[in-house]
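Just so it is clear, none of the values below were taken in a lab; they were calculated from the coordinates. If you're wondering where the values come from, they're calculated on a predicted model, not measured in any experiment. Note that we place each Cβ from the backbone using ideal geometry, even for glycine, and neighbour counts take in every protein chain shown.
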Amino acid sequence: MNMTKPQQTSKQDGYPLMMGIRAISARLGHVKWLTLALLAYIVTALTLKLPWLTLLHDALLPKLSWQAAYITALVAIFGTTISPYLFFRQVPQKIED
């Protein structure tokens with residue numbers, strides 16, 4: 001049997017944890033409003049008279065087109081997605097060099 005004495009804890013041991021909890025609770029008010037804003041999108045989509053089957057079909061199987069506007073939108077979507085990824089990918093490589 002291992003009979004060790006319990007460690008003495010001081011009031012300062014829980015201090016970093018309490019500061020983290022206070023920081024989180026201070027921001028919870030903002031998170032509640034952001035959640036409400038996101039729920040507004042869902043409520044708006046549900047209140048509109050949308051053809052849901054057509055919407056789902058077109059979302060899963062988009063119609064490809066070689067028009068200039070379509071290609072521009074495609075490049076814009078990929079450009080805004082890939083650029084931040086490459087920035088985060090390059091930083092660790094530059095640190096290693």
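Ranked by the mean number of other Cβ atoms within 10 Å per residue, highest first, peptides 60-66, 33-39 order as 33-39, 60-66.
Assuming R0 = 35 Å, can you tell me the calculated FRET efficiency for the pair Ile77 and Lys32, based on Cβ-Cβ distance, to the nearest 0.05?
0.70
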